[in-house]
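Shown next, in structure tokens, is the structure this report addresses.
The values are calculated or read from the model by the stated rules, or taken from the named source; none is laboratory data. For clarity, every value in this text was computed on a predicted model and none was experimentally measured. So basically every Cβ, Gly included, is an ideal-geometry build from the backbone, and we count neighbours across all protein chains shown. Keep in mind that these areas ignore ligands, DNA and RNA; they rest on the heavy atoms of the full protein, side chains included. Shrake-Rupley method; radii C 1.70, N 1.55, O 1.52, S 1.80 Å.
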Amino acid sequence: MKKETYIRRRAQLKRDMGSGLLLFLGNDEAAMNYADNTYRFRQDSTFFYFFGLDYAGLAAVIDIDEDREIIFGNELTIDDIVWTGTQPSLREMAATVGISDVRPISELATVVSRKPVHFLPPYRGDHRVWLWELTGVEPAAQPSKASVPFVKAIVSQRNYKTDEEIRLIEESVDLSTEMHLAAYRTVRPGIHESEVAAAVEEVACRPGGALAFPTIATVQGQVLHNHGFIHDLKDGDIFLLDAGAETRSHYAGDLSSSMPVGERFTDRQAEVYNIHLRSFWAAVDKLQPGRPFREAHIAAATEIARGMKELGLMKGDPAEAAEAGAYALFFPCGLGHMVGLDVHDMENLGEQYVGYAEGTVKSTQFGFKSLRLARPLEPGFVFTVEPGIYFIPELMDKWEAEGQFRDFICYDKLKPWRDFTGLRNELNYVMTPTGARLLGTIKKPMTIEEVYAAKGQ
């Protein structure tokens with residue numbers, strides 16, 4: 001990004017907030033199993049969005065009333081340089097994003113103590129301690145004491161992606177698609193889940209990118225977030241991949257794919273896969289500016305309920321089953337979420353601010369409570385569409401024991417389906433003034449014929 005981009009973002013934030021002292025805590029190195037063996041460093045996304053510096057140990061403040069923007073951090077010592085090599089000075093780096101006031105990190109507490117401070121809800125333990133030291137607000141109280149106006153002002157900028165951001169996201173989507181194409185070529189009977197994960201992750205890392213989130217690569221797709229890589233692949237299995245890359249820009253892509261381990265889906269698998277595709281395109285048909293994303297979720301849920309009725313697993317009116325929540329036995333997650341610098345964009349700031357319109361209450365009902373995005377879609381929003389169909393034996397047993405939705409669910413017909421596992425596909429879209437546009441210049445397989453072609457069958 002150019003220096004002017006960061007200057008413009010901070011200026012907009014100051015106009016939206018009006019007054020006050022805004023505190024931004026950058027991320028520091030995080031120890032994995034001892035102090036000098038750290039996880040891969042990833043800058044806090046909000047800090048990066050406004051200040052653009054991808055270095056550990058920084059903080060910043062914007063004092064709107066005194067019209068000051070300050071970056072705090074320590075210059076490298078000779079001990080640091082021995083290990084890292086010579087780096088640009090902090091002052092030089094700050095100048096590249098339009099900041100001239102640079103101070104040692106030790107001065108942050110003095111600046112923050114002079115007046116009330118707006119801070120964001122912390123998501124890291126070291127930030128909770130740091131906030132406690134800076135503000136006196138104990139960690140347990142910090143979520144409720146975080147500045148809601150500050151959160152809303154940030155969301156109102158980051159939710160609306162500029163053309164430059166959309167271009168960067170599209171680069172990450174293309175790299176993510178290459179990851180999935182590698183999986184189609186790799187998946188076959190007799191190998192291990194970890195072998196597919198390795199092939200996929202190598203694609204992200206080769207050009208200097210990284211994973212946008214931990215890879216899901218499994219033949220147990222009914223476990224929605226299955227990161228274990230502990231199973232062997234067998235003919236007759238369905239392989240589910242949920243993987244995405246972030247490029248050096250840190251903007252993310254997020255895709256999912258489902259494929260047969262052998263040459264072909266079984267007849268039963270193909271039938272469910274095609275029901276899933278119907279649900280996917282039913283959701284896409286509802287993507288219009290001004291239309292709530294919840295309607296797309298309901299459209300997908302209705303089509304899944306209709307498909308389950310065709311299989312003899314549900315009964316009654318599919319639309320009523322969707323609105324009631326009975327669909328969630330087979331589709332317990334939300335249809336999609338915002339994407340940007342975070343794969344679940346700004347989730348640390350609160351889904352109710354990012355994905356829900358002002359005054360809208362997020363449901364607590366199973367299924368609907370996992371819908372991260374429900375608000376009317378607006379130009380500039382970047383989001384995923386990812387319906388799935390899952391057969392989760394533990395959920396089936398629980399609902400049947402509780403007698404849930406007996407007017408819609410044929411519990412006596414579920415037993416033969418307990419070992420089906422699950423499947424999903426996922427694509428990324430941007431809303432434009434005229435409708436949703438699929439992101440990515442490389443096509444990800446979706447139809448069964450495209451899946452077979454990608455596998456080389």
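Only one of the listed values, [x] 19, 38, 32, 9, 1; [y] 21, 48, 26, 5, 0; [z] 23, 52, 23, 2, was derived from the coordinates as P(r) over Cα pairs in 20 Å bins from 0, in percent; which label is it? Among [x] 19, 38, 32, 9, 1; [y] 21, 48, 26, 5, 0; [z] 23, 52, 23, 2, the one derived from this structure is [z]. Subtracting the Cα-Cα distance of Ser89 and Asp65 from their residue separation scaled by 0.36 nm leaves 5.8 nm. For Lys14, the lysines whose Cα falls under 20 Å of its own Cα, not counting residues fewer than eight places away in the same chain, are Lys2, Lys3, Lys115, Lys152, Lys161. A 1.4 Å probe, protein heavy atoms only, puts the accessible area of Phe420 near 10 Å².
Determine the share of the range 406-457's accessible area contributed by carbon and sulfur atoms, expressed in whole percent, with a 1.4 angstrom probe.
On the way: 1340 of 2510 Å².
Within the range 406-457, the accessible surface is 53 percent carbon and sulfur.
Applying 1/(1 + (r/R0)^6) with r as the Cβ-Cβ distance of Asp36 and Thr96 and R0 = 25 angstrom yields a FRET efficiency of 0.30. On the range 1-137, 52 percent of the accessible area sits on carbon and sulfur atoms, based on a 1.4 Å probe.
In sequence order, the range 363-368 has phi-based couplings of 5, 9, 6, 3, x, 5 Hz under the Karplus curve 6.51 cos²θ - 1.76 cosθ + 1.60, θ = phi - 60°, and Gly or Pro positions carry x.
Site-free segments of the chain were taken between GluC sites (Glu not before Pro) in DSSP loops having at most 13 other Cβ atoms within 10 Å, sites themselves excluded; the longest one is 76-262.
Cα gyration tensor of the range 343-457, axes a ≥ b ≥ c as square roots of the eigenvalues: rounded (a/c below 1.5), prolate (a/b > b/c) or oblate? Oblate, because a/c is 1.5 or more while a/b does not exceed b/c. Rounded to the nearest 10 degrees, the angle from helix 163-186 to the longest Cα principal axis of the chain is 40 degrees. Computed over protein heavy atoms with a 1.4 Å probe, the accessible surface of the range 109-182 works out to 45 Å² per residue. Short-range pairs are left out: with C-alpha atoms under 8 Å and at least six residues apart, the relative contact order of the chain is 14 percent.
When the expected Rg is taken as 2.2 N^0.38 Å, what fraction or multiple of it is the alpha-carbon Rg of the range 2-101? Before the final figure, lay out the partial values.
On the way: Rg = 14.8 Å, N = 100, 2.2 N^0.38 = 12.7 Å.
Scaled against compact globular proteins, the figure is 1.17.
To the nearest ten degrees, helix 193-205 and the longest principal axis of the Cα atoms of the chain are 40 degrees apart.
Please give the FRET efficiency for Trp281 paired with Arg406, using the beta carbon to beta carbon distance and R0 = 30 Å, rounded to the nearest 0.05. Approximately 0.50, to the nearest 0.05.
For the range 1-53, the average shadow cast by the Cα convex hull is 4.6 nm², which is a quarter of the hull's surface.
With respect to the chain, whose longest principal axis is taken over its alpha-carbon atoms, helix 293-310 is tilted by about 20°.
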